[in-house]
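Structure first, then comments.
No lab work stands behind these numbers, since they all come straight from the coordinates. As the structure is a prediction and not an experimental result, all values here were calculated from the model. For neighbour counting, all protein chains shown are included, and Cβ atoms are generated from backbone atoms with ideal geometry for every residue, glycine included.
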Amino acid sequence: SKHLRSRQKKAQSSYSDVTEYAQELFLGMAVIRAFNKEYTSWKRFIKVNEKNYENNLDVVRIDSLLTPLTYMAPFVCYALNMYVCGQAIINGELTVGEFVALNGYVMLVIGPIMAIGSLTSVLQKGLASLERMEEFFELPQEEIQEQVGHLPLEDIHIEGLNFAYATSKEPILKDVSMHIPKGAFIGIVGGPGSGKSTLFKLLLDIQHAPKHSIYFGSTDIQDIPLSTLRHSIAYASSTPSLLSVSIRDNIQFGYTNGKDLSMTIEEAAQRAGLFRDLEERIEGNRKYDHLEEGGTDVSGGQRQRISLARAFFKDAPYLLLDDAFSALDAHSLCHILDTLRSNTEQTIICISQRLEALEGADCIYVFHEGHIVESGTHSELLQQKGMYHQLVMLQKRGDSHEN
């Protein structure tokens, strides 16, 4: 039974691999065709599917052995009983009536024994599924409430923040301290893996920050109800997730029930520069106006602007932008930056690899290997001739080559 359970668990895992890879193939169809990798992708799918086939075949082998044994064993016992009892009758040790009664008892037992054998197979398969599900059951549950208030707009204090993922040996953030005044526009730059996005996960409490490390005003982030915290923060990323509904419905996705609408969908779309090329789809009601799965029928820059409009429409006290300008054209970037810089009623924290987007920031923090190595305004950091200056020079050199 233990062998059946372990093999069933492997079979379920390999089936998960097949469905996951199939989903990747469908979502990445354009890239596969562009690189002429249909045959390579097909061969890899065959390999993944063959592994799934072998694992399921192992389950069938044990199951096919267990089932005949389950059905044969009771009848073998019945045949032995007939032989032994027959010899006893011949020797005068057992009467015919006792023989008939004993056979009746044996027949009554055979049915449950066969059922137990079948149940064992089903039980072991079920236990294998339960072991996989328990991994999710053991995750801590978040308590989300619908009707919650917003945090007031206050300074954010980060004091000596150290954080490491459970699967990581080294901390991803090391002794990070920041003071973010309310209503400020803060920029964050740094290389891959320097801890920028991890900081946003901590501010959103997707990952839990250590106690006494992040404060909104004088309140520790761990003492703020999760629903209140997340309703107080608007978020836009470089890879936005769009729903297969209209652009208007995507924009108002962040609407909180009972919240007074201080901004209309049109105003949010205008701030994100959507009317320049998507006006008809925003104002229309035709089936055509619904986005395809993942927003694949709009460009990368348009997806980012829809995501930004969603964040603007939420009109939360705090706005987190995680490289949300990476796919924007120059015209859209200038329009959105002008909108952000004129906003003093919202604290904006912006991660960006496009350094021109941060030139007007009140303060820029430079991350490197989990540490803050520099901080200051754009002009102050250029005068320091440090890492930020190097990044600016490299980016300007790249722009000159493109021109």
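Details
- C-alpha center-to-center spacing [region 347-389, region 55-75] in angstrom: 66 Å
- Loop trypsin sites (Lys or Arg not before Pro), region 177-228 (other Cβ atoms within 10 Å of the site Cβ: 15 or fewer; DSSP): LYS211
- Ranked THR167, THR95, THR198, criterion: other C-beta atoms within 10 Å, fewest first: THR167, THR95, THR198
- Computed extension length for GLU138-ASP220: 26.9 nm, one decimal, from 0.36 nm per residue of separation with the Cα-Cα distance subtracted.
- Counting lysine pairs in region 2-137 whose alpha carbons fall under 17 angstrom apart, excluding pairs fewer than 8 residues apart on the same chain, gives 9.
- Loop-located chymotrypsin sites (Phe, Trp or Tyr not before Pro) in region 123-225, at most 15 other Cβ atoms within 10 Å (DSSP): TYR165
- FRET efficiency, 1/(1 + (r/R0)^6) with R0 60 Å, evaluated for ASP277 and LEU123 via beta carbons: 0.50
- With a threshold of 27 Å on the Cα-Cα distance, the over-threshold entries among LYS169/LYS201; LYS201/LYS396; LYS169/LYS211 are LYS201/LYS396.
- Local net charge near ARG341, Cβ-Cβ under 11 Å (Lys/Arg +1, Asp/Glu -1): -3
- Dipole check for region 2-137: with +1 at the C-beta of Lys and Arg, -1 at the C-beta of Asp and Glu, and the Cα centre as origin, the magnitude is about 620 Debye.
- Residue-averaged 222 nm ellipticity for the chain, from DSSP H runs of 4+ at -39500 (n - 2.57), nearest 500: -17500 deg cm²/dmol
- Net lengthening on full extension, TYR15/TYR53 (0.36 nm per residue, minus Cα-Cα): 12.8 nm
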